[in-house]
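Asks: Handing you a structure now.
The values are calculated or read from the model by the stated rules, or taken from the named source; none is laboratory data. The structure displayed is predicted, hence computed values, not measured ones. Glycine also receives a Cβ, built like all others from the backbone with ideal geometry; neighbour counts cover every protein chain displayed. Heavy atoms of the whole protein, side chains included, go into the accessibility calculation; ligands, DNA and RNA do not. Shrake-Rupley method; radii C 1.70, N 1.55, O 1.52, S 1.80 Å.
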Amino acid sequence: MPEPRRIVVVGTGVAGATAALTLRKDGFDGQIVLAGEDPELPYRRPALSKELLDGTATPERISLKPAATWDDLDIDLMVSARVDSIGGGAVTFTGGNSLRYDRLLLATGSAPRPLSLASGLPHVHTLRTLADASALRTALVPDASLVVVGAGLVGLEVAATARRLGCRVTVLEAMDRPLARVLPPALADAVADLHRSEGVELLTSTHLQALRPLNSGVEVTASGQTRQADAVLIAVGTCPRTRLAERAGLLVSDGVIVDAYGRTSEPDIFAAGDVARYPDPSGGGMLRGEHWNHAQDHGALAAANMLGADRPYNAVPWCWTKQYGVTVQICGHPTDADHLDITGDPHTFDFTALAHRNGHPIAAVAAGRPAAFRKLRTSLTPTTTPA
């Protein structure tokens with residue numbers, strides 16, 4: 001393919017922003033357009049459920065880069081820019097303006113999974129953007145009651161933040177333990193005990209049945225029990241934002257399908273981050289990552305490959321969560337394990353755990369031992385090159 005002179009990146013989250021920065025770092029001297037719907041400059045999304053929500057960080061402090069950086073690097077940053085269609089070498093924005101491109105990166109990310117029960121109700125929140133965090137923060141006053149639906153990473157981080165702000169917190173989880181898609185039972189149980197020790201009412205195997213608006217809150221019915229809350233957070237996972245890809249006729253299945261190099265079914269369009277579904281570097285199947293580190297790494301790789309690097313993505317996914325001052329680090333897919341070797345005590349959050357499947361290490365989890373975690377994570381890096 002000819003050398004690109006204009007590259008358009010759709011999405012100003014970490015995948016898109018990192019891609020734009022990488023293009024300049026790798027020597028691309030053509031035009032870079034970074035466009036997204038969010039009205040804010042690119043920011044660090046993990047802070048939304050923690051530092052920004054508890055007030056220890058300001059919106060300015062969680063910016064990915066100082067505002068001047070984008071101009072200094074000659075990156076055309078377009079915020080509050082909604083794209084209606086892509087393909088045929090052009091991006092069309094709401095209002096009809098269009099822009100030609102030589103390469104395009106889709107980094108549109110994901111959106112909170114909707115619940116029809118919660119549609120349009122006041123005092124019911126989701127958390128994905130800075131505006132979402134600001135709206136939720138106003139509800140988290142001392143002695144306010146918060147019901148969190150979903151005990152995944154976001155739900156539990158918000159629960160921990162709300163408790164530290166003096167709120168009364170109930171977490172409703174449909175599965176039999178928190179973080180069931182992230183941690184094996186022995187480690188998930190330790191997290192559950194931590195929340196309960198901090199005063200959270202954590203109810204597992206509990207199914208949301210109804211939400212009814214009240215004058216100053218919400219009536220929540222779950223598994224036959226009804227309670228009142230000043231605010232509700234819906235945190236039941238995310239959906240990839242594939243609207244543009246579908247309209248363009250790209251291959252889509254729970255994400256935009258890409259090869260190991262980030263290419264979609266159209267050779268001049270790449271995808272990276274939460275929206276992309278990519279080959280499992282350890283072999284077999286496809287994955288869609290939803291964590292900050294993956295989006296950062298995948299965005300950088302897609303940028304390099306748009307410039308002809310032809311480098312496959314073989315990173316082991318990893319993430320961290322911080323709750324009540326405790327940091328748990330996770331790499332690989334621990335819930336796929338058939339055996340877990342634990343050193344230390346999960347209930348004091350001073351441990352490492354190496355997960356095995358069929359006798360081979362596939363994942364690691366640690367708390368209180370960052371150096372040991374780094375060593376384990378490095379040892380799990382795939383040595384094979386995906387097809």
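Asks: I'd like to verify a number: residues in the stretch 177-193 that are surrounded by fewer than 16 Cβ atoms within 10 Å (Cβ to Cβ) and more than 15 Å from residue 346 (Cα to Cα), how many?
Replies: 1
Asks: Which residues, counting only those in the stretch 334-350, are crowded, with 21+ Cβ neighbours inside 10 Å and either free of Cβ contacts under 8 Å to residues at least 24 places away in the same chain or in a strand (DSSP E or B) (or both)?
Replies: None; the set is empty.
Asks: Of everything in the stretch 99-121, what is over 25 Å from the mean Cα position of the chain (by Cα) and surrounded by fewer than 16 Cβ atoms within 10 Å (Cβ to Cβ)? Give them in sequence order.
Replies: Answer for the stretch 99-121, where residues must be over 25 Å from the mean Cα position of the chain (by Cα) and surrounded by fewer than 16 Cβ atoms within 10 Å (Cβ to Cβ): just 100.
Asks: Can you confirm whether residue 324 is under 25 Å from residue 128 (Cα atoms) and of a type in the set (Ser, Thr, Tyr)?
Replies: Values: under 25 Å from residue 128 (Cα atoms): yes; of a type in the set (Ser, Thr, Tyr): yes.
The answer is yes for residue 324.
Asks: Give me a count of the residues in the stretch 295-309 that are surrounded by fewer than 24 Cβ atoms within 10 Å (Cβ to Cβ) and within 15 Å of residue 264 (Cβ to Cβ).
Replies: Final tally of qualifying residues: 1.
Asks: Something else: Look at residue 233 and say whether it is touching a residue at least 12 places away in the same chain (Cβ under 8 Å), within 23 Å of residue 128 (Cβ to Cβ) and in contact with a Gly (Cβ under 9 Å, 6 or more places away or on another chain).
Replies: Working: touching a residue at least 12 places away in the same chain (Cβ under 8 Å): yes; within 23 Å of residue 128 (Cβ to Cβ): yes; in contact with a Gly (Cβ under 9 Å, 6 or more places away or on another chain): yes.
So residue 233 fits the description; yes.
Asks: Have a look at 260, 229, 276 and point out the one that is under 30 Å from residue 136 (Cβ atoms), out of contact with any Ser or Thr (no Cβ under 6 Å at 6 or more places or on another chain) and open to solvent by less than 30 Å² (accessible area, probe 1.4 Å).
Replies: Details: 260 fails: under 30 Å from residue 136 (Cβ atoms); 229 fails: out of contact with any Ser or Thr (no Cβ under 6 Å at 6 or more places or on another chain).
Criteria check complete, one pass: 276.
Asks: Right, next: Tally the residues that are within 29 Å of residue 326 (Cα to Cα) and modelled with pLDDT under 95, restricting the search to the stretch 197-216.
Replies: Residues meeting the conditions: 0.
Asks: Could you list, in sequence order, all residues of the stretch 229-281 that are at positive phi, of a type in the set (Gly, Ala, Ser) and in a loop (DSSP other than H, G, I, E, B)? Break it down into steps so the answer makes sense when it comes.
Replies: Initial filter on the stretch 229-281 (at positive phi): 237, 249, 254-255, 262, 273.
From what is left, the residues that are of a type in the set (Gly, Ala, Ser) are 237, 249, 255, 262, 273.
237, 249, 255, 262 - these are the residues of the stretch 229-281 that are at positive phi, of a type in the set (Gly, Ala, Ser) and in a loop (DSSP other than H, G, I, E, B).
Asks: Within the stretch 166-194, which residues are of a type outside the set (A, V, I, L, M, F, W, C) and either in a loop (DSSP other than H, G, I, E, B) or in contact with a strand residue (DSSP E or B) (Cβ under 7 Å, 6 or more places away or on another chain) (or both)? Don't jump to the end; show me each part of the working.
Replies: Here is the first cut: in the stretch 166-194, the ones of a type outside the set (A, V, I, L, M, F, W, C) are 166, 168, 170, 173, 176-178, 181, 184-185, 189, 193.
Matches in the stretch 166-194: 166, 168, 170, 173, 176, 177, 178, 181, 184.
Asks: Write out, first by first residue and then by second, each pair whose Cβ atoms fall under 6 Å of each other, whose residues are 6+ apart or on separate chains, and whose first residue, in the stretch 156-175, is more than 14 Å from residue 205 (Cα to Cα) while the second is part of a loop (DSSP other than H, G, I, E, B) and among the aromatic types (Phe, Trp, Tyr).
Replies: Pairs found: 160/324.
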